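Contents: one structure, followed by commentary.
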Amino acid sequence: MALSLAGKHCAIVGATGIIGTSIAKAFASHGAVLTLLSRSIPEAQPSFEKELRKPPTSTANKAPTSHRYIKLDVRQPDNVAATFRGLENKDQAVGPVDILINCAGISQTTLFKRTPDEEIRSVLDTNLLATMLACKHAKVQPNGCIINVSSLMALKGAVGATVYAASKAGVVGFTRALCLEMSARSIRVNALLPGWVDSPMWNNLKPDVKKEYLQATPLKRIASPEEVADAAVFLATNQFANNCVLNLDGGLSAS
């Protein structure tokens, strides 16, 4: 079977998170050559090197010939521009990409009135501003694709997650507008909205809160990270997928 992403260069921002790691494995399994970006990528690189499928020897022009690992702290706006544009280290520049995936994110678990201003700024900078800056400075090739990972909470609020919900709603609005601006270069822009996923964010919930969410979810379960990665592969490979806001929540948004 032909590899659907063979020859494609994919940059994943937030690659060491649960969702980012799963997406990296899925895209590598479909033949993509990856540039993985995260502030904790040095620690994660040995594990990735063991688990990621090596890309085919024949790749597109300007694409790397092997997976690359670049440290990036998205909380520092200047670092995003410098890393994608190679302003400080040409050898560590991301370079032209066919697919850009933004999945860096941090959660929030405090009532809004009790949330420190510094935490509000950190959530917005990580979840929204970093996504915007990566899209601005990345050299996405014509006919390429951008996937911004948002959240069910962009559409369905939750107590103790007001800033998180605002940041993820901003990602959806940004995605829709950017889709129009990128049309001249035939670059598709989509948003992926996972519901509850098997992750530390889910595991840290109190048992009664988990029970409430499961009862409200028609499928009565949470998603696996692999299921989220499958949805990302669909958005990357379906050439008519543009301005998609893809809910992957087991039906929770309907309740």
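The values are calculated or read from the model by the stated rules, or taken from the named source; none is laboratory data. Since we're looking at a predicted model, the values are computed, not measured. Here Cβ is always computed from backbone atoms with ideal geometry, including for glycine, and neighbour counts include all displayed protein chains.
Worth pointing out:
- When Gly170, Gly195, Gly160, Gly251 are checked against the criterion of being loosely packed, with under 15 Cβ neighbours inside 10 Å and in contact (Cβ under 8 Å) with a residue 24 or more places away in the chain, a single residue qualifies: Gly251.
- For region 225-247, the set of residues classified as within 19 Å of Ser29 (Cβ to Cβ), in contact (Cβ under 8 Å) with a residue 40 or more places away in the chain and not acidic (Asp, Glu) consists of Pro225, Val228, Ala229, Ala232, Val233, Leu235, Ala236, Thr237, listed by residue number.
- Of the residues screened, Ala2 is not one that is modelled with pLDDT of 95 or more, of a type in the set (A, V, I, L, M) and not in a strand (DSSP E or B).
- All positions within region 177-189 that are charged (D, E, K, R) and surrounded by 14 or more Cβ atoms within 10 Å (Cβ to Cβ): Arg188
- Taking region 214-241 as the range and being crowded, with 18+ Cβ neighbours inside 10 Å and either of a type in the set (Phe, Trp, Tyr) or not in a helix (DSSP H, G or I) (or both) as the test, the residues that pass are Thr217, Ile222, Ala223.
- Region 43-61 - residue that is of a type in the set (Gly, Ala, Ser) and modelled with pLDDT of 70 or more and, of those, farthest from Lys139 (Cα to Cα): Ser47
- The one condition from (1) within 23 Å of Arg185 (Cβ to Cβ); (2) under 21 Å from the mean Cα position of the chain (by Cα) that Gly86 does not meet is (2).
- Answer residue from region 190-206, given it is more than 16 Å from the chain's Cα centre (by Cα) and not in a loop (DSSP other than H, G, I, E, B) and is farthest from Gln108 (Cα to Cα) among those: Asn203
- Some residue of region 64-74 being of a type in the set (A, V, I, L, M), in contact with a Lys or Arg (Cβ under 7 Å, 6 or more places away or on another chain), buried (at least 18 other Cβ atoms within 10 Å of the Cβ) and more than 30 Å from Thr162 (Cα to Cα): no
- Here the condition is being of a type in the set (Ser, Thr, Tyr), touching a residue at least 24 places away in the same chain (Cβ under 8 Å) and within 26 Å of Pro218 (Cα to Cα); of Ser150, Ser122, Ser186, it holds for Ser150 alone.
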